[in-house]
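The values are calculated or read from the model by the stated rules, or taken from the named source; none is laboratory data. Just so we're clear, the structure is a prediction, and the values are computed from it rather than from any experiment. All Cβ positions, glycine included, derive from the backbone under ideal geometry; neighbour counts span all protein chains shown. All accessible areas refer to the heavy atoms of the entire protein, side chains included, with ligands and DNA or RNA removed. Shrake-Rupley method; radii C 1.70, N 1.55, O 1.52, S 1.80 Å.
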Amino acid sequence: MNDQKIENLLNLALESTPRERQESLELDVGYDRADRTWDLIVRFNGDILALEDESLEVTPLYGQYAVVTIPESRIFELASRPEIEYIEKPKRLFFSVNQGKAASCVSAVQTARFDLFGQGTILAVIDSGADYRHPDFRNEDGTTRILDYWDQTVAGRPPEGYRIGTAFTRADLNALLGVEGAEEPPENSAFAAGLRPSVDVSGHGTQVLGIAAGNGRASDGIYQGMAPQSDILVVKLGTPRPDGFPRTAELIQAVDYVVKKAIAYGKPTAINLSFGNNYGSHNGTSLIETYLNDVSNLGRLTIAVGTGNEGSTASHTSGTLQAGRTTDVELGIAAYEPSLNVQIWKAYEDQFEISVVHPDGQVAGPFQERLGAQRFLVGNTNLLVYYGEPAPYSTAQEIYIDFLPVGEYIDSGVWKIRLTPKKLVDGRYDLWLPGGQVQSPATRFYEPTVEATLTIPSTARKVISVAAYDSRLMTYAPFSGRGYLEPGRVVKPDLAAPGVEILTTAAGGGYVRVSGTSFATPFVAGAGALLMQWGERVIILSS
């Protein structure tokens, strides 16, 4: 059974066997095997809370979006409700890791004449957490600069209106820091309950926050970030489950939380998102992308999103089919790959046959253009194929192919994805591998295209999409994701910022050098805070 109000990938997951889902990189993301429940992102109209009952939990968000936790057996029932417009499963997020203030021309405005250091603004980092003990995130008296810290990985005291994690207040953090004379947290606080923020194991969030808002106290003021006098909000993405990893279901709640806090504090807020994924049409129409577009209109917000590090990974290829001419897209699969998936996106009105050619010459297909899972066995690899229908906000069509092993690994070698046109209107095709460098570097398209290598959600139309350049050589960073160039498509990135060999705060203390669009993005988020500070000052002076 398939439902057009349900995203293609979720339809396929519901139709797949438990083994297929477990072996796939994507199909099980969002599913809790122990409880047999899904965390889903939905867009709705009317009163969604009226649907809540003992087995269906709803976390409503801004703009008629929600995260719903529901038994798998009830998903089609949920889709049948008139209140529900569309349902998506979560996607896994990958942090985009792979000379700055002077190159960004910030030094000139951090003088006595302009005095733009982020005063009166909030810098929000949604990431892997942050080392709240680092001196660069503390004031001269030792108190924290962090207003609130939501750790989604620590179960116990979620923020009001949410169901996961624990919210730590400034008082909680000052108590943990042992600051004498600071406000004592109340008896019902996270600190009083014995809860503590988890460690920023990867250090990614700490590094991002240092570029955006570190005040340089650990270096006697030498290594300051962009907005060193701003207040700070931190959300550590993840789930309280032991094997949890950040997903779009947690991201959408994190952004919602930050927006509500920004409005409550009444301060301009810059939000930094330094991660993404490769699953989707990359045209700005997934629910996480449309949600970011909607909330960008609320309050005084700047949302900066990194374009990812897929520019040089050969994880994307594209082209335009010609009538009467078959095109073979060559895909090299390295040895010892446990699984892999390929997304093919095309205009729905175009008709062409799709086959997959095994390295030994066996051919699977042509696939039938119909809803429902199709299965093929070639060599020692199972192919799970799904033809999708256009979503409510997009006319693009997806054909999703999962490569699953018969034994332990899928077959290696040079595979071909054969495209044979039948009726063409547009003719363009795009293919993406999973991204996030989850596969071997040798698993790649042999004729890649660097255009459309932005990761989602940097493809959202109303965010500032940030690419990286090397400020030492004044060249575009080769790893940095690129956007579309064709008319009518998403034209991104919006800005490029330094993203190679950036010195920033390290989890555990001190400083470290890092590279990637992750670390270009906080330059723009910090600049957004300074620009909003300047704008507030102009408004005050002119009123």
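What is the number of the single condition among (1) out of contact with any Pro (no Cβ under 8 Å at 6 or more places or on another chain); (2) not in a loop (DSSP other than H, G, I, E, B) that residue 317 does not meet?
It fails just one condition, (1).
The rows are residues; the columns are (1) more than 23 Å from residue 92 (Cβ to Cβ); (2) open to solvent by 10 Å² or more (accessible area, probe 1.4 Å).
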{"position": "383", "(1), (2)": "no, no"}
{"position": "407", "(1), (2)": "yes, yes"}
{"position": "463", "(1), (2)": "no, no"}
{"position": "482", "(1), (2)": "no, yes"}
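Kindly provide the set of residues from segment 222-236 that are in contact with a Gly (Cβ under 8 Å, 6 or more places away or on another chain) and aliphatic (A, V, I, L, M), ordered by number.
Listed by number, the residues that qualify are 222, 226, 227, 234.
If I go through segment 385-395 residue by residue, how many of them are assigned to a strand (DSSP E or B) and either open to solvent by 20 Å² or more (accessible area, probe 1.4 Å) or of a type outside the set (A, V, I, L, M) (or both)?
Residues of segment 385-395 assigned to a strand (DSSP E or B): 385-387.
In the following step, the residues that additionally are either open to solvent by 20 Å² or more (accessible area, probe 1.4 Å) or of a type outside the set (A, V, I, L, M) (or both) were identified as 386-387.
The number of residues fulfilling the criteria is 2.
Residues in segment 47-88 that are outside any helix (DSSP H, G or I), within 25 Å of residue 259 (Cα to Cα) and of a type outside the set (D, E, K, R): how many?
Going through segment 47-88, the residues outside any helix (DSSP H, G or I) turn out to be 47, 52-71, 81-88.
The next check asks that each one be within 25 Å of residue 259 (Cα to Cα); those that pass are 47, 52, 57-69, 83-88.
From what is left, the residues that are of a type outside the set (D, E, K, R) are 58-69, 84, 86-87.
So the answer is 15.
Could you please give the count of residues in segment 445-468 that are farther than 13 Å from residue 288 by Cβ and β-branched (Val, Ile, Thr)? Step through it out loud before you land on a result.
As a first pass, look at segment 445-468 and keep what is farther than 13 Å from residue 288 by Cβ: 445-454, 464-468.
Cutting the leftovers down to β-branched (Val, Ile, Thr) gives us 449-450, 453, 464, 466.
The number of residues fulfilling the criteria is 5.
When the residues of segment 300-335 are filtered to those that are over 30 Å from residue 44 (Cβ atoms) and aliphatic (A, V, I, L, M), which remaining residue is surrounded by the most Cβ atoms within 10 Å (Cβ to Cβ)?
331
Is it true that some residue in segment 439-448 is in a loop (DSSP other than H, G, I, E, B), under 28 Å from residue 301 (Cα atoms), modelled with pLDDT under 95 and of a type outside the set (Phe, Trp, Tyr)? Before you say what the answer is, go through the steps one by one.
As a first pass, look at segment 439-448 and keep what is in a loop (DSSP other than H, G, I, E, B): 439-443, 446-448.
From what's left, under 28 Å from residue 301 (Cα atoms): none.
Taking every residue of segment 439-448 in turn, none turns out to be in a loop (DSSP other than H, G, I, E, B), under 28 Å from residue 301 (Cα atoms), modelled with pLDDT under 95 and of a type outside the set (Phe, Trp, Tyr).
If I ask for residues that are in a strand (DSSP E or B) and closer than 21 Å to residue 369 by Cα, which ones from segment 405-428 would you list?
From segment 405-428, those in a strand (DSSP E or B) are 405, 413-423, 428; that's our starting set.
Selection gives 416, 417, 418, 419, 420, 421, 422, 423, 428.
Restricting the search to segment 89-107, which residues are at pLDDT 70 or above and either within 30 Å of residue 177 (Cα to Cα) or part of a loop (DSSP other than H, G, I, E, B) (or both)?
Within segment 89-107, the subset at pLDDT 70 or above is 89-94.
Of everything in segment 89-107, those that are at pLDDT 70 or above and either within 30 Å of residue 177 (Cα to Cα) or part of a loop (DSSP other than H, G, I, E, B) (or both) turn out to be 89, 90, 91, 93.
Could you say whether any residue in segment 489-506 is over 23 Å from the mean Cα position of the chain (by Cα), hydrophobic (A, V, I, L, M, F, W, C), at pLDDT below 90 and not in a helix (DSSP H, G or I)?
No, segment 489-506 contains no residue that is over 23 Å from the mean Cα position of the chain (by Cα), hydrophobic (A, V, I, L, M, F, W, C), at pLDDT below 90 and not in a helix (DSSP H, G or I).
Report, by residue number, each residue of segment 1-46 that is assigned to a strand (DSSP E or B) and either hydrophobic (A, V, I, L, M, F, W, C) or touching a Gly at 6+ places or on another chain (Cβ under 6 Å) (or both). Steps first, please.
Quick first cut of segment 1-46, residues assigned to a strand (DSSP E or B) only: 6, 31-32, 37-44.
Across segment 1-46, the qualifying residues are 6, 38, 39, 40, 41, 42, 44.
May I ask you to list the residues in segment 336-353 that are loosely packed, with under 15 Cβ neighbours inside 10 Å and hydroxyl-bearing (Ser, Thr, Tyr)?
336
Residue 53 passes all but one of (1) open to solvent by 10 Å² or more (accessible area, probe 1.4 Å); (2) at pLDDT 95 or above; (3) not polar (S, T, N, Q); which number fails?
(2)
Name the pairs: first residue in segment 396-416 and within 15 Å of residue 335 (Cβ to Cβ) and among the β-branched types (Val, Ile, Thr), second residue assigned to a strand (DSSP E or B) and at pLDDT 95 or above, Cβ to Cβ under 6 Å, at least 6 apart or on different chains?
Final answer for the pair search is 410/381; 410/403; 414/330; 414/332.
Kindly evaluate residue 510 against the criterion of being closer than 21 Å to residue 206 by Cα, open to solvent by 10 Å² or more (accessible area, probe 1.4 Å) and not aliphatic (A, V, I, L, M).
Numbers: closer than 21 Å to residue 206 by Cα: yes; open to solvent by 10 Å² or more (accessible area, probe 1.4 Å): yes; not aliphatic (A, V, I, L, M): yes.
Against the criterion (closer than 21 Å to residue 206 by Cα, open to solvent by 10 Å² or more (accessible area, probe 1.4 Å) and not aliphatic (A, V, I, L, M)), residue 510 qualifies.
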